[in-house]
Each structure stands twice: as C-alpha cells, then as structure tokens.
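Chemist: I am attaching a structure below and will ask some questions about it afterwards.
The values are calculated or read from the model by the stated rules, or taken from the named source; none is laboratory data. Values in this document were obtained by computation on a predicted structure and should not be read as measured data. Methodologically, a virtual Cβ is constructed for each residue, glycine included, from the backbone with ideal geometry; neighbour enumeration extends over all protein chains shown. Each accessible area value is taken on the protein alone, full model and side chains, heavy atoms only, with ligands, DNA and RNA left out. Shrake-Rupley method; radii C 1.70, N 1.55, O 1.52, S 1.80 Å.
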Amino acid sequence: MKKFLALLLALVMVIGLAACGEPAGNESQAPASAPAGNSEAPESGEPVAEGPELSADGRYPAETVKIGFVNYDTTAQQFLSLQDYFDYLDDYFNFEIMYSESLDSAEAEFAFIEQCAAAGCQGIIGYYNEGREESVKLASSLGMYYWGQGQDPNVQEACGDDPYYLGSYYVGNADYEYGKSVIDSLVAADCHKIIVVTGGKDFGVQMFIDRYQGMMDAIQEAQDGGYDIEVVYEVPGWPGTEDFTAEQTSALATDADGLASALSALMWIQPISAAGKMNSIKIAAVDTPTADMVDLMASGLFVGVAAEIPDVFGLGVPMIINAVQGYGEEQRNEDGTAPLIDCGFWLITTAEEMEYYSEIEQEGGTWCFDADDVRSILYDYNPELTLDDMSALYSAVTMEEIQARR
Amino acid sequence: MSKSTRILKNIVITLAPAVIVYLFFLLITNLFGEPGFGVGDNLRVIGYNMVYSGFIALAVSYNLTSGRFDFSVGSVLILSLIVGGNIAKEIDVPEPFGAVLMVVLVVLVGMLCGLISGLFYILLRLPPMVTSLGVAMIFEAIGFALFDSEGLRLYTRQDLLIWTKPQNSFILLALVLIVLIYLLNFTKFGYNCRSLQTGQKNAVEVGVNEKTNSVVCYIIAGGLMGFAGIMYISQNGIIAPQTGLSSSSFMMNAFLPMFIGNALAKYSDRNIGVIVGAFCQACLSSALVYLGAGPSMQTVMNGVAVMLFLIYVSNNYKFALHRAWREKKEKALGMTSAAKQ
Amino acid sequence: MNEDKLIIETRQLCKNFGPTIALNHVDLKIYRGQITGLIGENGSGKSTITSILAGMQPASSGEMFFKGKPHKPSTMIEGAALGIGMIVQEQGYVSGISIAQNIFLGEEGRFRRHGIISRSAMVKAAQEALNNIGCNDIDASWYIEQIDLQDRKLVELARVMASNPEVLVVDETTTALSQRGRSIIYDIMRRMRDEDKAVIFISHDLDELMEVCDRMVVLRDGNLITDLDKPEFEPNLIKRHMVGRDMGEKYYREDYDGTVSDEVVLDVDNVTSGSGLLINFSMQVHKGEILGIGGLSHCGMHELGKVVFGEEKILTGSVTHVPSGQKIRDARHAIKLGMGYVSKDRDHEALVLSASIRDNISSAGLDKINDGPFILPNKEKAYVNQQVQTLSIKCASINQNVQYLSGGNKQKVVFGKWIGRDCDILILDCPTRGVDVGVKAAMYALIDDMKRQGKTIIMISEELAELIGMADRLLILKDGSLAGEFQRSRQLTEHEIIECMI
C-alpha cells in the first residue's frame, strides 16, 4: 500500500513537473527554437511581420507571442488583478502568458526563466526579481526580451545597453512615494498626532523601510513648513502575534488622531471601534482599493489610500510585442539605452475615487490601460509612435485622465 | 503529607509561575519608570493574549505531546474562520446569539478540519509532520478559493465580535477548560492519551487504540483552533487567506505555554498548566512592549525564554544529584578520616 | 502425559523472516498442571513460538489449537482475551503514569461510573492485584518511576495476573529480577500449576529451569529437538541437545595457574562513585590478568567498571593508568590509553541498534582506519570484515542492522568494537548475559586468548561459575566495599564465595 502510494505520488510529481515545463499545446515546439529565430531582431528597424493583421479581435500579431511572468506570490491581490487584465487583453491581442509559481529565490527564478526559454517564450515580464541583473542577462542569453524592474539601478546600469533588455515603467521609488502621500493625506485631514504602522520595517523588508522613510520625510517637511505634527507611537509587525496586540492596544491608548499605515489598515478598524475612537482617529494607508473601502472613505475614517496601479505591469506586453515585431530600436532612448518610462500611482482620497478604482482593481470592467490604450503604443498600429507618447500614456492614470481617454 | 496539604501544595506550585512572572515584570517595568504594566488596558491585553495563545497552545499540546508535530493548526484556524465566519455573517440572528452561533459554526468547522487531518494521518501512515504539511497546503488552498479569496471581513459587524471583552473571553475559556479537564482526567480517552504519550508500543500491545485516540486528538485540536480563530477575528476584525505555508506561523505562540503546561501537569492538570504558561508568555510580551523592546528583540527574548525554560526542565534533576553527591562525598571522607584515627 | 490436559498444541508451525527460518515445522504441546521450560540457544525459536501463541506476530504456516479449538490471535490483546498472558523480556510498562494505570492499561473503562473514571477504584483494584502476587509493599498509587526496574517487572506480572490467564508465558524475565522478584515469580508459576493452569517458562539459566520446570522442551535452529520430563533432566544431555554436538570438557579455562606479572597497569585509589554504592574502594590490576569482580546486585560492581573506564562521576580518589602515569579523566581519555569497555546494558550503552554492524564496529576504531581526514570505505570494510571473521558473527552482510541480530551476535559485535582496536585493558561487564552456551564458550576462549597475548581483562559478572572458571583473581564487593579476595584455585567453590557476598 505504502509503495503504491509512493509510486502514485511520484507519478503525480512527474506529471506536475512536466506540466510546468511544457504547457499544453506547445509539445511540438522545439526548445528555444522561437527565440533563436528572433535573435537578430533588435538590429532591424523594419517590421518583421509583413502585413500584420491589424484586427482588434486577438489575431495580432500573426504568430502568438509567448511571455514568461516571474511572480513571487500567486495569491497577492495585485497578481490576481493582473491575471484578469491579461485575460482581458487576450481577447484583443495574440499573446500567451506563462506564469511562474510563487518563487522565493534567485535560483528558482533562474530555473523558471530557463523553463520559459525551453517552452518557446520570447519575452519575460519581471514582476518579481531576486536575481537582479543576472536574471536579465540570463533571459538575454537565452534570446528572450526582458521588461520590468526599473526601480533597480543595478539592472539599468548593467543591462541598459543590452538589446534584449526593454526597460520598465518607473515611479521613482514607488514605496517611498506611497509613504509620503500617506502622511500628506493625514496632514490634509488636519491630523497632528500620528500612530505609524511600520509592517516589516524592523524585520529588514526593503519595501517597508522605503515606505517608512517616505513617511518620516513627509513629517519632516510638514514640520519644516510650520505644521504641528508628531509620531506618538510606532507599531511594528503583523496581527496574530501577542506583541502586535499589545502594541496595538498601547498605541490606541495614546491621544493620537491619525494613523499612517505602511500596510493594509483594515485590521485596525475593529480595535479602534472597540476603543471607542471611531470618530477621533483618521486612517491613511498603503493598500489595494476594494469595494468595501468605499463606505470607510465615505464615513471619513479613511482619508487616504496610496495604491499601485494593478495593470501597470501589463504594459510589458506591448513592449515585448513591439520588440518581437522588430521595433526594438524605436522604443529605446536616443543613446540606445532601454527606456524607463515615468508612471504614476493612485492616491485615493474620496469615496467616489475609491469606487472607481476598486472597480478597476476588482471587477476588471474598466482598466487603467484598456485595449485601445495598448493599441496606441504598438508600432504596427501607430507608426508615428514615440517614447514621449508612451510616457504620456503611462503617467495619465488619475480617474479624470482615464475617464477622459474613454 | 495529608491529602489537603498535598492539594494545597499542588495548587500553589501550579499558580506560582503566573504570580512570580507577573510580579517580576511589574517590578521591572516600574523600576524602568514605565508604570501601567499589568493593570487596566494592559491587563486586558494580557488576558486576551492568554486566551488566544492559550487556545493555540492547548490545540498543539494534544498532538505534540504524543509526538505528532502538526503544521496544519494555523491553516485550520484560517479555514474554520473563513467558512464558519462567513456563514455566520449571512445568518440573521438577534444579538448576542449571532456571536454564539459564530463560535459554534467556527468550532464545528475546526473540528471537521481536525477530523480530516486525523484521517489523513492514520490512513496515509506517513510521518505526522509530512502529513500535516500536506494538509496545511490543502486547507490554505481551500481557504483561498472560497469567498472570492477575500477571507473573512467582519470589521463592520460589532455584534459578532464580542469575544475580546474580558468577561466573555474568560467564560469561553472556562467552559473549554472544564470540558478538556474532564476529557483528559476522567475518561478512557484521557488515560489512553497519557499512556500513549510515554509508552506507545507497550500501550498499543495491551489494547490501547492509537488510531482512534489520535483522531480524537486531532478533532479536539481542530476545535480549539476554531476557538483561537474566534479570538483572532474578534481582535482584528479581518482575516485574509494565506498560502505557501505561511499559516504555520500561528503555532509559534504555542511553544512556551505548552512546555510550561507539560512541566506543571504532574501538579494539577496539563490544560491548566498550559493556560498558566500562556499567562506567563502574555506577561512577557506585554512587558517587553512596555520596556520598548523592538520586534526583533521581542522575538529573541521569547526564544530565550523558551530555551531557558527547557534548559531548566531538562536539568533540574541535577540539583538533587548534586545534593546526593555532596552527601556521599562527606560520608566517604568521614570514613577515611575515621579509619586514620 | 494425559491428553485431556492438553491446552495448547501447534502442528507443523513455521515462521520465516525473509530467508531466515525461525521455526521449522514445530509440533509443540503444552499441558495444564505443568511448568514447561523452553530452552535453546539464541535464535533457536523460543521467543518466536511464544510470541506467535500470544498474538504478537502471525505464523508463516501451520496450525495452532487452544483448548481444542483453532487458535489464531492477530494481536496480543486477542491473545490475552483468550487467556494467554505474557511477560516479555523487554520493558513492558509505560512510564509517566501511575502503577495502577499500568496495571489496568487499556481497561480503564472498567472503572467508569456516570461517565467519570474513578481513580480511587482503579488504585484499589490495582493494589489488590499487587497483593495477590505478594507485592504488598508496592503502592499502586505511585508513579511507575518511583519504584526500581526490578519491581516494575513485578507490576507487569501483576497486570498479566489481574486478567487471570489460563496460560502464563514468562520470557527470560528472571534475568532482570532480583532474588525476591524471582521467588515471587516462581511462586506464581507454581500456584498456576497447582490451579491446573499452564506455564511456559523461557530462560537461559539451565539450573533455574531444572529447578522450576516439570518438563523441558529443547529447541535448536527453529526445530523442536527433544521433550524431556523431570526425571530425564541432565545438564550435559540438555546442553548437548541445545548445541547439537558434544560440548566436551573445555568450557572455561583449563589451567589453574593464577600467577600474573607484578606489573601494575591500573591503580584504583580510594574511589567513591557518583551513583551506586561504591565507596572508598581501592584495587590494583596487573598486566595479563583476568580480574573477576562479583557480588550481589547493588553491590557497586557495575559502577566500578564505569569508574575505571571514566564513564562515571568520581567523588573521591582516582584511577591511574600506571604505564602512562596518567589519571583517567573520561571515557575518551581511557580509549586513548588503550582501554575498552563492554557495558552490561548492551542495547542502550554498547550498541546503536538502528545502525549497521559495520558502523557499530568501526565507530570505536575510526582512528585506526582513517587516512588523514578521510575514512576510506575499503579500509573500513576490511577492518570490519576482519572482526566479523575473527568472532564468527552470523550475519547476511556487514550492512545489516544490529537490532535484527540475536543476543549472542549482538554481544559479538560489541566485542568486535574493542578487539579491533587491539585494547590492552578490556573491562567486560556481564559479557555473557543473555548469550547461549555455544557463544559463551567461544567468548571464554577469546578472553583466554587475549590473556595469553598479555592483555588485561576486568570481568564483572553475576555468574559465579564463570568468575571461578575464568578469573586469575576474584574480588567480591558488598555494599560498595571490598568484602573478599580469592586467588585462582581448583578448590574454590561457589559456596565459599556466596558466604562472602551475603
């Protein structure tokens, strides 16, 4: 019985691994054959595909472009939104995404990139990057384009000239900006004594360190501007531990009137309510917009939510399609380096905005960048396209700007 | 020693760690000029943490003391909350029956999860640690797949979240303790638990059914994780599904209380010992927060506390040994000098 | 024998463990009103047959009948329910719980009143069970750890007897018992016989079996060799049946020359040990000497062995390795000085049961087979194979796990550990405990051989015969101190020594 079970498990594993390596429908493709066919592509300025089918029904480009997607958490809300976004774009363009499992090390990432090459991918979207420039170089050496990770100066410096590196969207240090805007919202809401929720700052998590730094700098700026503001308590960590509960209670025992959170602040509502402070504390947080936060904004409890645009990583798709279609050269900077295209983020301060953005995030009905927007940054559709045009689109992300485009 | 003195002595020894730890930190925090520890709001937090970690430690103790390391307890907490809590949220019941109904539902789902864990364990016959990892992943995945991956969001439902009020949580804990004390001390299940704990092979050979016993242990553990889940959601108002075994971090609260509970078991009852241990741990975490220790320092201190306690427990026989050595040495030297005279 | 009294019968019973045949078509009959002894060398099948009867393991083929009905218990519980009670060689109790709980393990339901198990009722019944076997001094409410190992065995006996069995199997239990325990167990066996019940008694101690049993069945290599009634009991005949050949006269050392060199190799000076009774003890050991150490249990002799090897805490005095002039600090130091130690507790202190023969033997000799930081497999294999050959250890391969070897072969592996190192001083604590006659003889020959090579042996033993038969000089301990010293002599009798011991 035991042997049988062991065999069964082994079989399941073999099948599972085989499925990872060679997604269904690509059995006939020889490993790495597709990238090899395009290995000279970046030097050419001519469209490779002659007479592309410029239809809007998912038949462009003529040949399916396969793209590997490097991910760190298959359960993250933003990732789930991105999956929806790719499904949406799939109705309009001929591409296919090969998702990684939740990767947690550079080794796992390299292995996935190699699998992508073997499966015939022509590009990689670096939603997650632990291997830094090595990941880019590996993709390049396997003949695949790489897009994403513009925040990392190492990548830009080491690979900026690599014809297979396509650059990235760029928000500067996004996390730092989120932190700053969280404090700015509290200042705008006339808060003076702030509880700062720092998440993984004290555990060495870079994202939280950056957000915290942004908050501290914003407080400093406000103070320099003559605004009376101070941090009355810092709460580190996550719920579920005894320390967190103890810190939370101590924090709420202060006379704070504002709470700035580097992570979702939904787990503060119940404690604030239990402490009878629903009307005396205002919250601003880095979070993902959701429908049930609309009421929280309307009630005035939440005064600001800084959020990343969910579909911004989807912009890797047109960049890679352009490169595969032979426009690699056109979408580079004048000095030939890969472009970092400025992009904004959302700072949600009203219930109306929350409702609009949460629909983008959750429902997928409207997107920040819809199929028309994507089409506008594809050279085959828009031969006059310039980097400036791309930049203009990337940074027009507020509710008004999106609505204006529709 | 008369029976009443023995009982009195056992009660004193059982409660001593709680009193000593509490007074110790009260003194320390006041010496450092941080009054407020152990009274008012802070005492409420200590009480909450005692109940919350106590439930988790009780759950873990039913399996770990018999050598079954169960990684799935955290995932049981999450899944039972997501399923039981979301159902309770939909049923319209007048206050405070909604909150009670939620406890019943969450605990039942927890027990069902425990039953599944137990069946996996006895049917697969793999090492319990391996089985529990697999079960944890399955429970995490189910919790993630249900209710649009939103987990349970109850922060708008004050009527359901009444269990952090000290009087309510203590009633909950007392009821659970009464049941557990009965189970562990006055039933065949309890007797079997203890014999299997120290002499599995021999116990099985004389007819103790290890399989039934372990399934029951898993069911109890599942139910207790349901209670812990109730405490969690009542404090935080929201729980998100977790994957990649991150749910296993929930059991980290369990170790110190459980070890203290095991050490106190011979003086009273393991369940009570675990709760005393949970109180000690809650005092430690609250005091560290009061003293302004950062989270990494708190983690270190908790680890040090567990280690020191284990060092003491596994070495305390040496005190008696050294005493015996000293007496024997004196006797030997006395004999030598007597022989010389 | 009156066939009406037949209670157990096996027909053509076989048991195989892989290619090993443990029982080979055995036809055994057990009668009421009799104590039947089972005797045979290690691995002869004695324990196998009783464990099949009790339900601990199934037979490979053949039939069994209990009280005339086919008998095929699948668990020990089933066997016990049918009326076969068994006291095993190994630890059969559960630690961490009370004596009463141990006695009624698995039967706690008997004491349930209104859903609550009454502890006091259980303790009362347990006390009755203990009193019933004559252990009035053991308090059933105590934790099992509060009584010593020998009394714990009696608790197991009380448990088995509490279920009122019709057949009692005593499997080599007496080796672990004190004289008091033995007499209790003998009384029980005789009482069972008088109540017209049956007893199966397994022991290595031929004298004990001849004394207690009414009938003796000899097994060898899984075959039933002979079946003897009391009048036919004759030690040499039984030994011959057990071993399958004439034992001859040569068993112990043949010479009676007790002279040894004057060179002292070990000087034990005024030592008091941390545990046990040993107090202010002094002795000197000479080169090439076999020094016998004897005494009653708890006299301190086992601690003495550990003290000499540096394994036991020393409170006063010292042990000096005279050739090097160094005081022994610990076991590692002792090994470095060329000493070896065979513990009495073979399974726990001398062997790693879950490791292979190869690992066990090479573990003590790694410094003899290493090439710089490396242990080369070929060299290790050669080293281990040599010991296996020298000691003729019966095994399928040197990679076999030690736990599946018979007691005698296990002991040979322990010997192999130290002989391979070529130790100059070897401390043997009960070296032939639980070992059958054939292996015993081989070990005596080996010890004699080592003596001839000029090696020093300290032999601690509970068997007076082997001490008299092997030692050049014999020290008797009593209450941790020296009670007497005897030189090797043809005239030395057990009687003289016993007088000194008690």
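Chemist: When the gyration tensor of the stretch C:63-169 is built from Cα positions, what are the square roots of 5 times its three eigenvalues, in whole Å, from largest to smallest?
Modeler: 25, 17, 12
Chemist: What Kirkwood radius, in Å to one decimal, follows from the Cα pairs of chain C?
Modeler: 24.6
Chemist: Place a +1 charge on the Cβ of each Lys and Arg in the stretch C:351-422 and a -1 charge on the Cβ of each Asp and Glu, then give the dipole magnitude about the Cα centre in debye, rounded to the nearest 20. Could you put the intermediate results ahead of the total?
Modeler: Values: 9 positive and 5 negative charges, 47 e Å.
So the dipole magnitude of the stretch C:351-422 works out to roughly 220 debye.
Chemist: Enter the angle in degrees (range 0 to 90, nearest 10) between the Cα long axis of helix C:149-162 and the first principal axis of the Cα atoms of chain C, meaning the one along which they spread out most.
Modeler: Roughly 10 degrees between the two axes.
Chemist: Sort out for me the Cα centre separation of the stretch C:293-328 from the stretch B:66-85, rounded to whole Å.
Modeler: Computed from Cα coordinates, the inter-centre distance equals 55 Å.
Chemist: May I ask you to list the aspartates and glutamates whose Cα is less than 14 Å away from that of C:Lys29, ignoring any residue fewer than eight positions away on the same chain?
Modeler: Reachable aspartates and glutamates: C:Glu3, C:Asp4, C:Glu9, C:Glu63, C:Asp214, C:Asp227, C:Asp229.
Chemist: Now, a different point. If I require 24 Å or longer along the helix axis, counting alpha carbons, and a Kyte-Doolittle average no lower than 0.5, what helices from chain B are left? Use full DSSP H segments.
Modeler: B:3-31, B:40-64, B:97-124, B:128-145, B:166-186, B:210-236, B:270-290, B:295-315
Chemist: State in Å² the accessible area per residue of the protein assembly as shown; use a 1.4 Å probe, count heavy atoms of protein chains only, and round to the nearest integer.
Modeler: Here the residues of the protein assembly as shown average 42 Å² of exposed surface.
Chemist: Cα-Cα pairs above 16 Å in the stretch B:293-341: how many percent?
Modeler: Considering the stretch B:293-341, 63 percent of its Cα-Cα pairs are separated by more than 16 Å.
Chemist: Let me ask something else. Calculate I(q)/I(0) for the stretch B:143-187 by the Debye formula, one identical point scatterer on each C-alpha and no solvent, and give its log10 at q = 0.16, 0.30 Å⁻¹ to two decimals.
Modeler: Log10 of I(q)/I(0), two decimals: -0.69, -0.97.
Chemist: Over every pair of different alpha-carbon atoms in the stretch B:3-291, take the mean of 1/r and invert it; report that Kirkwood radius in Å. Walk me through the numbers before you get to the answer.
Modeler: Numbers: mean 1/r = 0.0512 Å⁻¹.
Result for the stretch B:3-291 stands at 19.5 Å.
Chemist: Here's something else I'd like to know. With just the Cα atoms of the protein assembly as shown, tell me how far they stretch along each of the three principal axes, in Å, largest first.
Modeler: 120, 73, 73
Chemist: How much accessible area is lost when chains B and A come together, counting both sides, with a 1.4 Å probe, in Å² rounded to the nearest 100?
Modeler: 2700
Chemist: So for chain C, taking the charge dipole from beta-carbon charges (+1 Lys/Arg, -1 Asp/Glu), which of C:Val271, C:Met122, C:Ile458 sits furthest toward the positive end?
Modeler: Most positive-ward Cα: C:Met122.
Chemist: With only alpha-carbon atoms counted, please give the Rg and Dmax of the stretch C:351-422, in Å.
Modeler: Looking at the stretch C:351-422, its Cα Rg and Dmax stand at 11.2, 36 Å.
Chemist: Here is a follow-up. By DSSP, what percent of the beta bridges with both residues in the protein assembly as shown are antiparallel, rounded to the nearest 5?
Modeler: The antiparallel proportion sits near 40 percent.
Chemist: Exactly which GluC sites (Glu not before Pro) in the stretch C:144-212 are in a DSSP loop and have at most 16 other Cβ atoms within 10 Å?
Modeler: Sites meeting the loop and neighbour criteria: C:Glu195.
Chemist: Using the Karplus curve 6.51 cos²θ - 1.76 cosθ + 1.60 with θ = phi - 60°, what ³J(HN,Hα) values do you get for each residue of the stretch C:220-225, in whole Hz, with x for Gly and Pro?
Modeler: Karplus values, whole Hz, x for Gly and Pro: 8, 6, x, 10, 7, 8.
Chemist: Still on this model: Here are some pairs, C:Lys287/C:Lys327; C:Lys287/C:Lys410; C:Lys124/C:Lys197; C:Lys5/C:Lys72; C:Lys306/C:Lys451; which of them have Cα atoms lying more than 24 Å apart in this structure?
Modeler: C:Lys287/C:Lys410; C:Lys124/C:Lys197
Chemist: Return the sequence-ordered ³J(HN,Hα) values of the stretch C:431-444 in whole Hz as given by the Karplus equation 6.51 cos²θ - 1.76 cosθ + 1.60 applied to θ = phi - 60°, using x for Gly and Pro.
Modeler: Ordered by residue, 3J(HN,Hα) equals x, 10, 5, x, 10, 7, 4, x, 5, 3, 4, 4, 5, 4 Hz.
Chemist: Can you tell me the dipole magnitude for chain C around its Cα centre, using point charges on the Cβ only (Lys, Arg +1; Asp, Glu -1), in Debye to the nearest 20?
Modeler: Values: 58 positive and 70 negative charges, 282 e Å.
Once rounded to the nearest 20, the dipole reads 1360 debye.
Chemist: Here's something else I'd like to know. Sequence-distant or interchain residues sharing an amide H contact under 5 Å with A:Tyr146, placed H: which?
Modeler: A:Ile124, A:Tyr165, A:Leu166
Chemist: Related question: Mind listing the long-range amide H neighbours of A:Tyr72? Cut-off is under 5 Å, sequence gap 5 or more, other chains count too, H placed in the peptide plane at 1.01 Å from N.
Modeler: A:Leu103
Chemist: Please state, rounded to one decimal and in Å, the Kirkwood hydrodynamic radius that the stretch C:25-90 gives when every pair of distinct Cα atoms enters the mean of 1/r. Intermediate values should be presented prior to the final figure.
Modeler: On the way: mean 1/r = 0.0785 Å⁻¹.
About 12.7 Å for the stretch C:25-90.
Chemist: In nm², what is the average projected area of the convex hull enclosing the Cα atoms of the stretch B:200-271?
Modeler: Orientation-averaged projected area of the Cα hull: 7.2 nm².
Chemist: Work out which trypsin sites (Lys or Arg not before Pro) in chain B are exposed loop sites (DSSP not H, G, I, E or B, at most 16 other Cβ within 10 Å) and give the longest gap free of them. Don't jump to the answer; show the numbers that get you there.
Modeler: Values: sites that count: B:Arg125, B:Lys266.
Maximal segment without exposed cleavage sites: B:126-265.
Chemist: What's the local net charge at B:Val93, with K and R +1, D and E -1, over the other residues with C-beta under 14 Å away? All intermediate terms of the calculation are to be shown ahead of the outcome.
Modeler: Details: positive: B:Lys89, B:Arg157; negative: B:Glu90, B:Asp92, B:Glu95, B:Asp159.
It works out to a net charge of -2.
Chemist: Related question: Highest first, please rank the peptides A:163-172, B:165-174 by the mean number of other Cβ atoms sitting within 10 Å of their residues.
Modeler: Result, highest mean Cβ count within 10 Å first: A:163-172, B:165-174.
Chemist: Assign unit charges at the C-beta atoms only (+1 for Lys and Arg, -1 for Asp and Glu), then state the dipole size of the stretch B:293-341 relative to its Cα centre in Debye, rounded to the nearest 20.
Modeler: 340
Chemist: A further question follows. Using +1 at the C-beta of Lys and Arg and -1 at the C-beta of Asp and Glu, which of C:Met76, C:Gly40, C:Asn24 has the Cα lying farthest in the positive direction of the dipole of the stretch C:1-106?
Modeler: C:Met76
Chemist: While we're on this one: Among all stretches of chain C without exposed chymotrypsin sites (Phe, Trp or Tyr not before Pro) (DSSP loop, at most 15 other Cβ atoms within 10 Å), which one is longest?
Modeler: Working: sites that count: C:Trp142, C:Tyr256.
In short, C:257-502.
Chemist: So how long is each side of the stretch A:355-406 along the principal axes, counting just the alpha-carbon atoms, biggest first, in Å?
Modeler: In descending order, the Cα extents are 36, 17, 14 Å.
Chemist: Any chance you could list P(r) for the stretch A:288-399, counting all Cα-Cα pairs in 5 angstrom bins from zero, rounded to whole %?
Modeler: Pairs per bin, as whole percents: 2, 12, 20, 19, 14, 11, 9, 6, 4, 2, 0.
Chemist: Rounded to whole Å, give me the distance from the Cα center of the stretch A:246-305 to that of the stretch C:443-502.
Modeler: Here the two parts' Cα centres lie 85 Å apart.
Chemist: Taking θ as phi - 60°, what are the ³J(HN,Hα) couplings along the stretch C:354-365 by the Karplus curve (6.51, -1.76, 1.60), each to the nearest whole Hz, with x for Gly and Pro?
Modeler: 7, 9, 7, 4, 4, 5, 5, 5, 6, 4, 7, x
Chemist: Peptides C:129-139, C:347-357: what's the order by average Cβ count within 10 Å, highest mean first? Kindly include the intermediate steps, with their values, before the conclusion.
Modeler: Working: C:129-139: 17.5, C:347-357: 16.0.
Ranking the peptides C:129-139, C:347-357 by packing returns C:129-139, C:347-357.
Chemist: Could you list the trypsin sites (Lys or Arg not before Pro) in the stretch C:440-494 that lie in coil according to DSSP, counting only those with at most 15 other Cβ atoms within 10 Å of their Cβ?
Modeler: Here the trypsin sites (Lys or Arg not before Pro) that fit, given the DSSP loop and packing criteria, are C:Arg490.
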